[in-house]
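**Student:** Have a look at this one before I ask anything.
The values are calculated or read from the model by the stated rules, or taken from the named source; none is laboratory data. What you see is a predicted model; the values in this text were computed from it and never measured. Counting neighbours? That spans all protein chains shown, and the Cβs are built from the backbone with ideal geometry, glycine included. Quick note on the areas: whole protein, heavy atoms, side chains included, nothing else; ligands and nucleic acids left out. Shrake-Rupley method; radii C 1.70, N 1.55, O 1.52, S 1.80 Å.
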Amino acid sequence: MKAIIVTDQTAGVAGMKLVERPEPEAAINDVVVQVHASSITGDEITWPSTWTDRSGRDRNPSIPGHEVAGVVTALGYGTTGLFVGQRVFGLTDWYRDGTLAEYVAVEARNLSPLPADVDFSVGAALVMPGLTAWQGLFDHGRLQAGQTVLVHGAAGIVGSMASQLARAAGAYVIGTGRAGGRQTALDFGAHEYIDLENEKLQDIGKVDLVFDIFGGDIAMQSASVIRSGGRLVTIAGPTEAQPVNGSAIDFVVEANPGQLTEIVQRVREGLLRASIGNIASLNDAVATYNSSNRPNGKTIIRVRP
Ligand SMILES: NC(=O)c1ccc[n+]([C@@H]2O[C@H](COP(=O)([O-])OP(=O)(O)OC[C@H]3O[C@@H](n4cnc5c(N)ncnc54)[C@H](OP(=O)(O)O)[C@@H]3O)[C@@H](O)[C@H]2O)c1
């Protein structure tokens, strides 16, 4: 099969190569998925999980990409719950070969059925941003209707999803980002917007939850706008930011088919949309990821046209 591999942890997307690799086989409780649409997230090529298995053994060269939408072509020994020919989407294991390939082996428990009226590209684009936003807001942030949430990077891929989900849940959403992101963030559901380049976070008053994607100084400043009992949830890694009488949580997104089913249903009802910047073929993927003028939004690799 055709697949993209990486061989150099320091090279980022510049180290990607399109090669031929053997097709994967389905282990116990796995399925093989014929990949229709795929994507990678931010910095995953630098993460240790791209370079070792869970025992720390070297797995270079590895196939990156852990977001997938496709069709089941084989079931592993003992696998139940899915069938050959089924449309599915989901998040694959960080420590195994990924989805920038024609086929990927995935634990069946990580996949959700993809409804027939949802395009594979949309399915792939929902996986990481949808699960990250959902888990950050509701599992870790415990957001409730009537609360106020500050969503950092609200014009971006994850932030735009978080704003939509938070607003639909009855929260008041204050988005942040650069000056140029204002209209995009408002279009994706933020009630108001703070331009971090020219405005002060402290001017917004108190919020119940901060959904942070930046870490560093912005997370530190954000801790001071959280009211007593509130939370700072970050996807930017461990943070020293600590709200007074509140809690700070950093997390890495996990597979959750039940949450994906809820998320895709909202898309079908027209209540939620993924931020897709561009769609490229597997042949063009390396050049696309290395292009200096990629549009905002998720880059989707359409492995089968
Ligand atoms: N822990 C996890 O589970 C997890 C899951 C998913 C993603 N992530 C991480 O989350 C981060 C965000 O991902 P994403 O896909 O949403 O990225 P993205 O689409 O690039 O969104 C980031 C947004 O923040 C803006 N921004 C960047 N730096 C800024 C600054 N200094 N001040 C103000 N605005 C700024 C960007 O504006 P410009 O485009 O104009 O720069 C963009 O609108 C990435 O680092 C990713 O690796 C973590």
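**Student:** Among the residues in the range 115-137, are any more than 16 Å from the ligand (Cβ to nearest atom), crowded, with 24+ Cβ neighbours inside 10 Å, under 24 Å from LEU91 (Cα atoms) and not acidic (Asp, Glu)?
**Tutor:** yes
**Student:** Right, something else. Take VAL19 and decide whether it is buried (at least 17 other Cβ atoms within 10 Å of the Cβ) and assigned to a strand (DSSP E or B).
**Tutor:** Against the criterion (buried (at least 17 other Cβ atoms within 10 Å of the Cβ) and assigned to a strand (DSSP E or B)), VAL19 does not qualify.
**Student:** Mind checking whether some residue in the range 237-246 is of a type in the set (S, T, N, Q) and in contact with a Ser or Thr (Cβ under 6 Å, 6 or more places away or on another chain)?
**Tutor:** yes
**Student:** Do you know which residues across the range 174-193 are on the phi < 0 side of the Ramachandran plot, part of a strand (DSSP E or B) and not hydrophobic (A, V, I, L, M, F, W, C)?
**Tutor:** Hits for the range 174-193 are GLY175, THR176, GLU192, TYR193.
**Student:** What about ALA101, is it in the same structural domain as ASP8 (by TED's automatic domain parsing), more than 15 Å from the ligand (Cβ to nearest atom) and closer than 23 Å to GLY277 by Cα?
**Tutor:** yes
**Student:** Inside the range 139-157, can you point out the residues that are in a loop (DSSP other than H, G, I, E, B), in contact with a helix residue (DSSP H, G or I) (Cβ under 8 Å, 6 or more places away or on another chain) and within 16 Å of the ligand (Cβ to nearest atom)?
**Tutor:** HIS152, GLY153, ALA154, ALA155, GLY156
**Student:** Need the failing condition index for GLN221 against (1) free of Cβ contacts under 8 Å to residues at least 40 places away in the same chain; (2) touching a Leu at 6+ places or on another chain (Cβ under 7 Å); (3) part of a strand (DSSP E or B), just the number.
**Tutor:** (3)
**Student:** Pick out the one residue from GLN164, GLN202 that is under 18 Å from SER222 (Cα atoms), away from the ligand (no atom under 11 Å from the Cβ) and either outside any loop (DSSP other than H, G, I, E, B) or touching a strand residue (DSSP E or B) at 6+ places or on another chain (Cβ under 8 Å) (or both).
**Tutor:** Only one candidate qualifies: GLN202.
**Student:** Which of the residues that make up the range 266-303 are part of a helix (DSSP H, G or I), exposed (fewer than 14 other Cβ atoms within 10 Å of the Cβ) and in contact (Cβ under 8 Å) with a residue 40 or more places away in the chain?
**Tutor:** Listed by number, the residues that qualify are ARG268, ASN290.
**Student:** While we're looking at this one, here's another question. Can you tell me which residues in the range 167-182 are within 12 Å of the ligand (Cβ to nearest atom) and open to solvent by 30 Å² or more (accessible area, probe 1.4 Å)?
**Tutor:** Of everything in the range 167-182, those that are within 12 Å of the ligand (Cβ to nearest atom) and open to solvent by 30 Å² or more (accessible area, probe 1.4 Å) turn out to be ARG178, ALA179, GLY180, ARG182.
**Student:** Mind telling me which of the residues ALA105, ALA69, ALA116 ends up being over 29 Å from TYR289 (Cβ atoms) and not in a helix (DSSP H, G or I)?
**Tutor:** ALA116
**Student:** Of these, ALA255, ALA241, which one is open to solvent by less than 50 Å² (accessible area, probe 1.4 Å), in a loop (DSSP other than H, G, I, E, B), within 16 Å of the ligand (Cβ to nearest atom) and farther than 23 Å from GLY130 by Cα?
**Tutor:** Numbers: ALA255 fails: farther than 23 Å from GLY130 by Cα.
Matching residue, one of ALA255, ALA241: ALA241.
**Student:** Sticking with this one: Being at pLDDT below 95 and not polar (S, T, N, Q), is that true of even one residue in the range 163-178? Steps first, answer last, please.
**Tutor:** Let us first name the residues in the range 163-178 that are at pLDDT below 95, namely none.
No, the range 163-178 contains no residue that is at pLDDT below 95 and not polar (S, T, N, Q).
**Student:** Considering only residues that are more than 13 Å from the ligand (Cβ to nearest atom) and loosely packed, with under 15 Cβ neighbours inside 10 Å, which ones fall in the range 39-51?
**Tutor:** Hit for the range 39-51 is PRO48, nothing else.
**Student:** Would you point out the residue of the range 212-237, among those that are of a type outside the set (A, V, I, L, M) and within 11 Å of the ligand (Cβ to nearest atom), that is farthest from GLY177 (Cα to Cα)? Can you show your working first?
**Tutor:** Filtering the range 212-237 down to residues of a type outside the set (A, V, I, L, M) leaves 212, 214-217, 221-222, 224, 227-231, 234, 237.
With the extra rule that they be within 11 Å of the ligand (Cβ to nearest atom), the set shrinks to 212, 214-217, 234, 237.
Values: ASP212: 11, PHE214: 10, GLY215: 13, GLY216: 15, ASP217: 14, THR234: 15, GLY237: 19 Å.
For the range 212-237, the residue satisfying everything is GLY237.
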